[in-house]
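Here's the structure, in structure tokens; my notes come after.
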Amino acid sequence: MSTLFSEKMDVADSATEEKKEASMTEVTLDFAISSVNHIAFIVSDVGNSAYFYSDVLGLQQVKRPNFDRHGAWFTGGNLEIHLILGNPCAPDASVKGSEANVTCFKVADFNATKDKLAAIDSEHGIHLEFEEGEEDSVAYVRDPDGYVFKIGEL
């Protein structure tokens, strides 16, 4: 019986490998992405998050169309961030910033940014992680829902 089971597993593994190889064939797209328009984050409290995006990250709030869901829009550099009220999908707090999906921001003066971030009162749900290594020094900061932002002179 164990031999029959083993033979069935070998056939299944072979079929899986063939599917993987077939899915790895080159695909030509009929379009090209020219830029990023915005990134949307589902947040649990738009007001609390608005503080973070404006006062911590320094983004400017911009007018938002009147949608059926509460939210806020921000702009900075060449990007817009849209906040939408709902159930956040941020990584667990136990996941290190360097091991999470991140949105990365480039700053002109990392030391000044680091000083500003370090001075922010933690009562607003701000969590900082500083990392220095072979790359440039970077800071990981989490918004009140736990979304991770990497900031450095990259």
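Laboratory data are not the source of any read-out in this text; all were calculated from the coordinates shown. Since the structure is predicted, the reported quantities are computational estimates derived from the model, not experimental observations. Methodologically, a virtual Cβ is constructed for each residue, glycine included, from the backbone with ideal geometry; neighbour enumeration extends over all protein chains shown.
Quick notes on this structure:
- Fraction of alpha-carbon pairs over 19 Å apart in the range 38-152 - percent: 44 percent
- For the peptides 26-34, 43-51, 96-104, the ranking by mean Cβ contacts within 10 Å, running from highest to lowest, is 43-51, 96-104, 26-34.
- The ranking of PHE67, PHE74 by Cβ neighbour count inside 10 Å, starting from the fewest, reads PHE67, PHE74.
- For GLY146, net neighbour charge (Lys/Arg +1, Asp/Glu -1) across residues whose Cβ lies under 15 Å away: -3
- Other residues lying with their Cβ under 14 Å from the Cβ of TYR53 contribute a combined charge of -3, Lys and Arg counting +1, Asp and Glu -1.
- Cα centroid separation, the range 62-110 to the range 44-58: 9 Å.
- Phi to ³J(HN,Hα) by Karplus 6.51 cos²θ - 1.76 cosθ + 1.60 over the range 104-119, Hz, x for Gly, Pro: 9, 10, 9, 10, 6, 10, 5, 4, 5, 5, 4, 4, 5, 5, 5, 7
- Counting only DSSP beta bridges with both residues in the range 38-152, the antiparallel share comes to about 65 percent.
- Theoretical FRET efficiency, 1/(1+(r/R0)^6), r = Cβ-Cβ of ASP55 and LEU29, R0 30 Å, to 0.05: 0.15
- Relative contact order for the range 38-152, counting Cα pairs under 8 Å that sit 6 or more residues apart, in percent: 27 percent
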